[in-house]
1. Taking the stated definitions as given, is Glu352 acidic (Asp, Glu), at pLDDT 85 or above and open to solvent by less than 60 Å² (accessible area, probe 1.4 Å)?
2. For the range 167-197, what are the residues that are in contact (Cβ under 8 Å) with a residue 12 or more places away in the chain and out of contact with any strand residue (DSSP E or B) (no Cβ under 6 Å at 6 or more places or on another chain)?
3. List, please: which pairs have Cβ atoms under 8 Å, are six or more places apart or on different chains, and start with a residue in the range 198-214 that is open to solvent by 10 Å² or more (accessible area, probe 1.4 Å) and end with one that is hydroxyl-bearing (Ser, Thr, Tyr) and in a loop (DSSP other than H, G, I, E, B)?
4. Within the range 180-190, work out how many residues are open to solvent by less than 20 Å² (accessible area, probe 1.4 Å) and over 24 Å from Ala251 (Cβ atoms).
5. Which ones in the range 229-245 are farther than 30 Å from Met276 by Cβ and crowded, with 19+ Cβ neighbours inside 10 Å?
6. Out of the strands (runs of 3 or more DSSP E) lying entirely within the range 93-158, which hold 2 or more residues that are within 21 Å of Val172 (Cβ to Cβ) and in contact with a strand residue (DSSP E or B) (Cβ under 6 Å, 6 or more places away or on another chain)?
7. Right, Ile337: of a type in the set (A, V, I, L, M, F, W, C), at pLDDT 95 or above, within 21 Å of Asp109 (Cα to Cα) and outside any loop (DSSP other than H, G, I, E, B) or not?
Amino acid sequence: MNFALTTLRLMCLAWLWPVALLKGSNTQNQRRHKDVYLGENTRHKHGGRIDFKMKKSDSTKSLLIKSEQLLRIEDHDFAMRPGFGGSAIPVGIDVQVESIDSISEVNMDFTMTLYLRHYWQDDRLAFPSSNNKSRTFDARLVKKIWVPDVFFVHSKRSFIHDTTMENIMLRVYPDGNILYSVRITVTALCSMDFSRFPLDTQNCSLELESYAYNENDLMLYWKNGNDSLRTDEIALSQFFIEEFHPSYGLAFYSSTGWYNRLYINFILRRHIFFFMLQTYFPTMLMVMLSWVSFWIDRRAVPARVSLGITTVLTMSTIITGVSASMPQVSYVKAVDIYLWASFLFVFLSVIEYAAVNYFTTVEEMKKLQRGKLPVSYNATQAMAYDGCFHDDIDVSPFPELPTTPSTTRTIPPRASSTEPPPTEGTRLWRKRSMGKNIRFIMSNSYMIDSYSRILFPVAYLLFNIIYWCIYS
């Protein structure tokens with residue numbers, strides 16, 4: 001019986017021996033393939049040199065050096081600021097302006113993209129390090145620690161860029177110093193003064209302040225003084241950027257107290273050339289075009305009226321276009337003064353022709369009544385051409401008056417004067433009263449056009465000199 005059991009055991013061992021050998025061969029092959037695969041990857045990364053140290057486990061996978069455990073995040077309450085109950089924590093600010101995206105006069109705001117960097121120290125995040133190197137994290141760790149609650153005063157819209165990840169960087173140093181940087185686009189209010197528009201200069205500022213912590217808990221300051229504000233090469237379509245400078249101040253709220261406030265100030269001076277092409281030059285041309293009517297015959301009613309109405313309507317269009325692109329302010333702008341003064345010159349040129357036309361009609365009617373017009377004068381055609389035909393006036397030609405000795409005008413001889421004749425070089429002045437001068441011009445309406453050819457250009461030139469001297 002024992003012999004039979006021993007024989008059975010030997011047969012089982014003989015049958016299982018090849019299976020064990022085959023399994024051991026497969027295990028060695030798998031290890032060999034794994035080493036070759038790791039060696040090929042290492043050769044690819046290190047230019048053909050196989051570094052077998054890469055086969056060691058990744059240090060970041062060790063539970064002993066996870067970020068939360070290294071920084072002891074679970075051991076502290078980060079809902080409280082560092083040094084709570086003591087003096088205010090200093091937070092340095094450093095700003096780099098990337099671009100000024102837009103400036104809107106209608107909405108009175110500007111849009112700016114910038115890098116906002118915060119510097120402070122939190123001893124709770126200090127960690128041991130043999131090489132004294134910092135550790136850099138992204139937005140996922142920021143949500144687990146305390147960070148300053150800086151916001152933009154008078155901002156309308158703002159957001160943190162999130163392509164392809166949130167543009168947030170957190171750098172922690174072994175001694176607990178922290179650098180927190182974000183990339184932000186903000187649209188903020190800028191109170192603009194348009195009294196000198198478009199020859200104006202605007203002062204805008206972006207204001208930073210802590211929302212929850214007053215000056216007893218948090219002290220904001222510029223990290224490097226005036227060097228804390230840096231800008232890239234910024235070019236705007238309508239403005240020159242004359243100056244960028246930081247400043248500091250305090251803000252008081254009756255319910256919560258005093259807060260530190262930082263200012264990013266910049267001065268904008270507007271380009272005038274665009275408005276010269278779009279507004280001033282067309283306005284000047286329209287005013288000069290209205291003067292052409294002074295050289296057109298006073299009887300050419302359609303030509304002069306059409307020219308006057310065209311210039312008036314064109315000036316109205318220019319004024320409407322400029323007003324549509326500006327905010328509805330309650331004071332007069334510099335461009336409004338120029339446009340409305342030019343509109344007045346154009347309007348007066350139309351009124352001038354209305355006066356010329358009226359005085360010409362009155363003058364011809366008086367001549368008709370006195371019979372001083374020649375027989376060949378066709379009054380009907382002349383008055384119709386002049387545009388002043390009246391149905392109630394008898395325009396039949398007067399009969400020719402016979403010339404008789406009794407109707408012949410005799411000029412009596414001048415009485416001899418006892419005054420000596422004027423010497424050579426003496427100018428004789430004929431004094432007239434103002435009323436006589438006006439009646440003289442009314443009886444000679446063509447003189448109104450003659451005077452207007454000089455008075456209008458001289459007055460407009462004088463206006464331009466005064467305007468540009470005041471606003472330039």
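The values are calculated or read from the model by the stated rules, or taken from the named source; none is laboratory data. On a predicted model such as this, the values are computed, not experimentally measured, just so you know. Every residue, glycine as well, gets a Cβ built from its backbone with ideal geometry; the counts of neighbours run over all protein chains shown. These area figures cover heavy atoms from the full protein model, side chains too; ligands, DNA and RNA do not enter into them. Shrake-Rupley method; radii C 1.70, N 1.55, O 1.52, S 1.80 Å.
1. yes
2. Passing the criteria: Tyr173, Pro174, Asp175, Ser191, Phe194, Ser195, Arg196, Phe197.
3. Pairs that qualify, where the first residue is open to solvent by 10 Å² or more (accessible area, probe 1.4 Å) and the partner is hydroxyl-bearing (Ser, Thr, Tyr) and in a loop (DSSP other than H, G, I, E, B), are Leu199/Ser472; Asn214/Thr256.
4. Matching residues across the range 180-190 total 1.
5. Leu229
6. Here the list reads 109-121, 135-137.
7. In short, no.
Results for (1) small (Gly, Ala, Ser); (2) part of a loop (DSSP other than H, G, I, E, B); (3) at pLDDT below 90, shown as yes or no for each residue.
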| site | (1), (2), (3) |
| --- | --- |
| Ala188 | yes, no, no |
| Ser195 | yes, yes, no |
| Glu209 | no, no, no |
| Ala212 | yes, yes, no |
| Arg230 | no, no, no |
| Leu262 | no, no, no |
| Arg269 | no, no, no |
| Arg298 | no, yes, yes |
